[in-house]
Every structure is written in structure tokens, then in C-alpha cells.
Amino acid sequence: MKLKLLCVFILLVCPTFGMGGFVLDNEKSHSLDVSTCVCVNVYQDGVKQTLDKVAAFKVQNAFGQILSMSREMPAFGVALHDETLEAMQSGLWLEFEFDGAIVHNGMFFEKLLFKLEKNVYGFNIVRYFQGKYDGRCFYFDLENPELIDDLYEFIDNIGNY
């Protein structure tokens, strides 16, 4: 019984231990950086389009602003490759592709993918590593949901695809 209470205490009161190294506090996360990506891809109902350099730069800056005004939280979402590919067949998705493997919070990725939706207060970012979308996601809680709506409108109206 004492061991169970200790485990519950660690999980609930000590997020550093209970949440795999995440620290829950009021500081915003600035460490996930998409400015180093080499390519920005948009998927509209499964059709992939790579943005030109000017549009990609604007998207990187906008997304960087969104991340700077959000809190990274423990993510309970797990991506499965086949399910992710199926989900990408509908809606608007944004993917940041990097030149090689990057690590953030102990998790490796070569690409980051998320579904752009309006009126959301948080979102999962799916990691692509070693040829597949797989494993734990990153989760960001939005402090200013209007920013993601603005990014959605920009991407939806870009006219590049």
C-alpha cells in the first residue's frame, strides 16, 4: 500500500519523474525549432505540395511564433504509421522536413507533422523517424488559439498547390 501511494505521489506531484522528464510549469517552451528545416510540405486531402522558399519562410516564422506562445505538455498521443497516412488523406496538414535526425526531449525525428485545424486550443505534433511516422508525439497547449487560425488561413489561401 505504501508503495502504491508513493507511485501515485510521484506521478501526480513530481512531474519530472512521472511524465518522462517533462517539467510542468508556467514557462513557455522555446526549444522546438522549425527554423532549421530544409523543406515545408502541405498536404491538402492527401495531395502533397512543397512550398516555395518565400512561403516556407513565412510559415516557419508563423509556426515559430505559435510555439513561442504555447506550452509544451506531456503528450499521451502515439502515432502509428499506417493510421497517420490514412488520416493525412483528409484535411490540411503541415510538415517540416529536416536535413537529418534532430532530437527534442529525448525523442528523435527527421520530420514533424501536424493537422491544421481552426478553433483548437492545442495540438499533437507527429514525429517521422527512420522511414515512418511512429511513436510518442509532442503536444502543445496554445495560449493564443487565433494564431493557429491565422496560419490555417494563410496556408489555405497560399495558392501554391
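Mind listing just one residue for me: the one in region 42-74 that is part of a strand (DSSP E or B), under 14 Å from the mean Cα position of the chain (by Cα) and of a type outside the set (A, V, I, L, M, F, W, C) and, of those, surrounded by the fewest Cβ atoms within 10 Å (Cβ to Cβ)?
Restricting to residues being part of a strand (DSSP E or B), under 14 Å from the mean Cα position of the chain (by Cα) and of a type outside the set (A, V, I, L, M, F, W, C), the top hit is 71.
All but one of (1) farther than 16 Å from residue 150 by Cα; (2) part of a helix (DSSP H, G or I); (3) free of Cβ contacts under 8 Å to residues at least 40 places away in the same chain hold for residue 128; which doesn't?
In the conditions (1) farther than 16 Å from residue 150 by Cα; (2) part of a helix (DSSP H, G or I); (3) free of Cβ contacts under 8 Å to residues at least 40 places away in the same chain, residue 128 misses (2) alone.
What number goes with the only condition from (1) touching a Phe, Trp or Tyr at 6+ places or on another chain (Cβ under 9 Å); (2) over 20 Å from residue 55 (Cβ atoms); (3) in contact (Cβ under 8 Å) with a residue 24 or more places away in the chain that residue 93 does not pass?
(2)
Is there any pair with a first residue in region 110-123 that is basic (Lys, Arg) and a second that is in a loop (DSSP other than H, G, I, E, B) whose Cβ atoms are under 7 Å apart and which are 6 or more apart or on different chains, and what are they?
Cβ pairs passing all conditions: 115/91.
Does region 127-161 hold any residues that are among the aromatic types (Phe, Trp, Tyr) and farther than 12 Å from residue 81 by Cα, and which are they? Quick ask: steps written out before the conclusion?
Keep residues of region 127-161 that are among the aromatic types (Phe, Trp, Tyr), which gives 128-129, 133, 138-140, 152, 154, 161.
Hits for region 127-161 are 138, 139, 140, 152, 154, 161.
Out of the residues in region 131-161 meeting the condition of being without any contact (Cβ under 8 Å) to a residue 60 or more places away in the chain and not in a helix (DSSP H, G or I), tell me which one is surrounded by the most Cβ atoms within 10 Å (Cβ to Cβ). Break it down stepwise before answering.
Applying the first criterion (without any contact (Cβ under 8 Å) to a residue 60 or more places away in the chain) to region 131-161 yields 131-135, 145-146, 149, 153, 157, 159.
After this cut, where a residue has to be not in a helix (DSSP H, G or I) as well, the list is 131-135, 157, 159.
Numbers: 131: 8, 132: 14, 133: 23, 134: 16, 135: 18, 157: 8, 159: 6.
The qualifying residue surrounded by the most Cβ atoms within 10 Å (Cβ to Cβ) is 133.
Every read-out reported here was derived from the displayed coordinates using simple, explicitly stated rules and does not represent laboratory data. Here the structure is a predicted model, which is why all the values come from computation and not from measurement. Neighbour counts run over all protein chains shown; Cβ positions are idealised from the backbone, glycine included.
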